[in-house]
Amino acid sequence: MTLTNHIPFLQWIREYKPAYLRNDMIAGATIWAVMVPTALAYTSIAGVDPIVGLYTVPLTLIMYALFGTSKCLVVGPDSATALLSAHIVSTLAVVHTHHYLMLTSSLALFIGMVFLAFGFFKMGWIADFISIPVMHSFIQGLAIVTMMTQLPKLFGVASAQGDFIPRLLSLIKQIDQTNFVTLAIGLAALALLYIIPKISQKIPSAILTVIIGILAVYAFDLKRYDVAVVGSLQGSLPPIGVPRFAASDIRTLLLGALAIVLLNYTESLGAAKEAAERRGEQIDNNQELIGLGASNIGASLSSGFVVAGSLSQSTVSMLAGGKTQMSNIFHAILILLTLLFLMPLFKNLPLAVLGAIVTYAMIKVINHTVFTSLYRVSKPEFWVGVVTFSAVLFIGVLQGVGAGIFLSLLLLIYHNTHPRIDVLGRMKEPGVYKNIALHKDAVQFEHILIIRFGDSLFFANAGYFVDKVRDLSYNGDRVIEHIIVDVERVSDIDITALTLIQKLHRDLNQRGISLAFARVNDDIREELEKMIQKEELESLPLFDRISSAVAHFEQLGGNPKTK
C-alpha cells in the first residue's frame, strides 16, 4: 500500500491544475464568510469563549485536506457535537473556566484518537449502528434543545445550565426581565437571515447580519440599553499544545468520545457521501475515519473543540466553484488572518445576533415531516424515533442517543429473530409463485402449502421458523399434506437450525405431512446433506425449483389441484 493511500493530499496535489486556483480561492473566501459567524456562534453551545471557535478551524481544515478523501467536504464546528461536548465536559468542570476549556480540548483529542483507532482497524461500518430514524429523530430533538440554549441571548436574560426542561423553566421564570432592545436586535437578525437569501443566494447572510449588528451598536450606542456584546477579543494565532487532563477524567472523556464518534462519523460520512454523489466522486469510509481523527486532533492541539463534516458548508463550497481541498487551505489562511487582524472588529457584536444565527440554523434543521413519514412507512421505527426524540428533550442528549441506539438494536434483533415468512401461490405464468397477500391472482394448491423464508436460518430465528411452519400446517380451510419451503433467500443454516428442522421434519411426518425444500443453493444443500442422515434426507427432498417440488408431490398422488 502506497503512502498516497494514507495521505490522499499527495495524490490530489499532483493532479492539481492551475485552472482550479481561481475557483478554489473564491470558494475559500465564500466559506470563510459563512464559517466566521458560525464558529463564533457555536462556541456558546460548546460553553467556550467566541474566539475559541476560530482557534478550532485552521488546523482542522488543513488536517482534513491532508488525510480526508472528499474533495469538497468542509469540516468545522458543529451544533450537535458541540452540545454533546458541553454535556460531557460540564460533568467535570464549571463552564467558562480554564479547566473547562482544557477538558473541552482534551475531549476533542480523545475523539481524534478514537477515530484514528477505528480507522486503523478499518471499522468504517460503525456508522451503521445509528439508523436513519434514530439520527433524524435525534437531530430534531437536538435542534430544539440547541435553540433553548440560545433563547436567553435573544431575550437578554441569564442562561441556565442543564438539559431542555431546566433551561425552559429558567427562561419562563425570567420572562418578565426581558430586555426588549436585545429582543428587537435578535428578531431583526432573524428577519435578516431569512430575507437576505431571498434577495440573493450569493450574499453571505450570516456575515452581513453580523456586520449590520455591529454597526447598529456603534450607530445607536445600544450598550447603554444593557445590550450584551462579545466584548474585547485579543487577536492572536491559536495557542498550540497538548491539552492537560487528570487521570481521573480519562474514563468520562473516553466514554464521551465513543458516543460522540458514533454520531460524528454518521453525520460526517453522510455529508461526505452526499457531496461526493453530487460531484460523481468516491470516498473511502475507513480513510474518512483517519481524516476526521486528524481533524479533531488538530482542533485539540489549537485549543479548540470537537469538529464534524458539514453538508451545508460543503454545499456552499461547491456552489462557489470549489474544485479541491485547496479551497479549505485558503479558507484556513483567511481564518488565521482574521485572528491576527480582524478580531477588534467583533468587539461590539451583540450576543443576540450570535443567538439568532444558531436559532436560524436550528429552525432550518427542523423537519415537520420526519415523524409522519416514519409512521407511514414503519410503525416500529416511528416509535423508535418518538422515544429517541422524547429522551433527548426530557432525559438528556446523551441519554437520547443511547436510547435510540438501544431501541434500534432491539428492533434489529427482533427483525432477525422474526424474519418475513410469506405464503406463496401459483401465478398464471408457468413456474411463477408469488406472495398471496400481495398478489390476489396468486392461487394456492388445495393440499400443498408453499412458504418462503426471508433470511438465513440460525439459532436466533430457527425456533420462530419452526413454530410458524407448524402454525401454517394447521389450516382450518384445507387439509395440508405437503409443505414446500422456498429457501432461495437463505444463505446459511447453523447447527441449531438444522437440529430444529430435523425435529420439525419428524413431527410433520408423524402427522402425515411431507416436507421439502425448493430453490436450494449448493452451500445449503451441502450443509443439509452433512447434517441430516441419508435415510432421513430421502424423505426431505431438495429441489432447484418450486415447480419441481410441486411435480414431485403430484407424482406421489398429493392431489395438487388448486383451491
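The values are calculated or read from the model by the stated rules, or taken from the named source; none is laboratory data. Every value quoted in this text rests on a predicted model; they were computed, and no experiment measured them. Using ideal geometry, Cβ is built from the backbone for each residue, glycine included, and neighbour counts are taken over all protein chains shown. Ligands, DNA and RNA are stripped out before the accessible areas are found, and what is left, the full protein with its side chains, is counted by its heavy atoms. Shrake-Rupley method; radii C 1.70, N 1.55, O 1.52, S 1.80 Å.
Here are the numbers:
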{"quantity": "The stretch 218-362, accessible surface, carbon-and-sulfur percent (1.4 angstrom probe)", "calculated": "62"}
{"quantity": "Size of electric dipole in the stretch 69-194: Cβ of Lys, Arg +1 and of Asp, Glu -1, about Cα centre, debye, nearest 20", "calculated": "120"}
{"quantity": "In the stretch 463-494, the chymotrypsin sites (Phe, Trp or Tyr not before Pro) that fall in loop regions by DSSP, at most 12 other Cβ within 10 Å", "calculated": "Tyr474"}
{"quantity": "Centroid-to-centroid separation of the stretch 106-157 and the stretch 226-291 [C-alpha atoms, Å]", "calculated": "9"}
{"quantity": "Semi-axes of the equivalent ellipsoid for the chain, Cα gyration tensor, largest first, Å", "calculated": "59, 26, 22"}
{"quantity": "Computed over the stretch 92-203, Kirkwood Rh from alpha-carbon pairs, angstrom", "calculated": "17.9"}
{"quantity": "Global form of the stretch 174-229, assessed from the alpha-carbon gyration tensor, a/c cut-off 1.5", "calculated": "oblate"}
{"quantity": "Karplus-derived 3J(HN,Hα), 6.51/-1.76/1.60, for each residue of the stretch 46-62, Hz, glycine and proline x", "calculated": "6, x, 10, 5, x, 5, 4, x, 7, 4, 5, 6, x, 5, 4, 5, 5"}
{"quantity": "Derived scalar couplings ³J(HN,Hα) [the stretch 408-415; Karplus, 6.51 cos²θ - 1.76 cosθ + 1.60; whole Hz; x for Gly, Pro]", "calculated": "5, 5, 4, 5, 4, 4, 4, 4"}
{"quantity": "For the stretch 424-479 and the stretch 301-325, distance of Cα centres in Å", "calculated": "52"}
{"quantity": "Where only alpha carbons of the stretch 7-160 are counted, the Rg and the Dmax (Å)", "calculated": "17.9, 54"}
{"quantity": "Taking N as its residue count, the alpha carbon Rg of the stretch 323-402 over 2.2 N^0.38 Å", "calculated": "1.74"}
{"quantity": "Acute angle (nearest 10 degrees) that the helix 164-173 long axis makes with the longest principal axis of the chain, alpha-carbon atoms", "calculated": "40"}
{"quantity": "Fully extended contour minus Cα-Cα distance, from Glu446 to His96, at 0.36 nm per residue", "calculated": "118.3 nm"}
{"quantity": "Rh by Kirkwood over Cα pairs, then Stokes-Einstein D for the stretch 1-87 at 1.306 mPa s and 10 °C, µm²/s", "calculated": "109"}
{"quantity": "Of Lys434/Lys468; Lys173/Lys379; Lys202/Lys223; Lys71/Lys153, pairs whose Cα-Cα distance is over 28 Å", "calculated": "Lys173/Lys379; Lys202/Lys223; Lys71/Lys153"}
{"quantity": "Long-range Cα-Cα pairs in the stretch 136-184 (distance over 18 Å), rounded percent", "calculated": "30"}
{"quantity": "Diffusion coefficient, µm² s⁻¹, Stokes-Einstein with Kirkwood Rh over alpha-carbon pairs of the stretch 268-398 at 4 °C and 1.567 mPa s", "calculated": "70"}
{"quantity": "Per residue accessible area in Å² of the stretch 410-548, where ligands, DNA and RNA are left out and the probe is 1.4 Å", "calculated": "52"}
{"quantity": "Accessible area, probe 1.4 Å, largest first, for residues Thr60, Thr91", "calculated": "Thr91, Thr60"}
{"quantity": "Gained length - Asn475 relative to Ile366, 0.36 nm times residue gap less alpha-carbon distance", "calculated": "34.3 nm"}
{"quantity": "Built amide H within the under 5 Å cut-off of Asp284, gap 5+", "calculated": "Thr69"}
{"quantity": "The chain: antiparallel DSSP beta bridges as a percent of all, rounded to 5", "calculated": "50"}
{"quantity": "Under 5 Å, built H, 5+ apart or other chain: amide partners of Ser514", "calculated": "His482, Ile483"}
{"quantity": "Per residue accessible area of the stretch 103-195, 1.4 Å probe, in Å²", "calculated": "42"}
{"quantity": "HN-Hα J in Hz across the stretch 381-394 - Karplus 6.51, -1.76, 1.60, θ = phi - 60°, x for Gly and Pro", "calculated": "6, 4, 5, 4, x, 4, 5, 4, 4, 5, 5, 4, 6, 9"}
{"quantity": "Percent RCO, i.e. relative contact order, over the chain, from Cα pairs under 8 Å lying at least 6 residues apart", "calculated": "22"}
{"quantity": "With every protein chain in place, the stretch 139-210: carbon and sulfur % of accessible area (1.4 Å)", "calculated": "71"}
{"quantity": "Ratio Rg/Rh [Cα only; Rh per Kirkwood] for the stretch 304-355", "calculated": "1.04"}
{"quantity": "Accessible surface of the stretch 424-513, 1.4 Å probe, proportion on carbon and sulfur as whole %", "calculated": "50"}
{"quantity": "5 angstrom amide H check on Val74, placed H, neighbours 5+ away", "calculated": "Ser310, Ser314"}
{"quantity": "Mean accessible surface per residue for the stretch 247-296, computed with a 1.4 Å probe while every protein chain stays in place, in Å²", "calculated": "39"}
{"quantity": "For the chain, size of Cβ-based charge dipole, Lys and Arg +1, Asp and Glu -1, in debye", "calculated": "1500"}
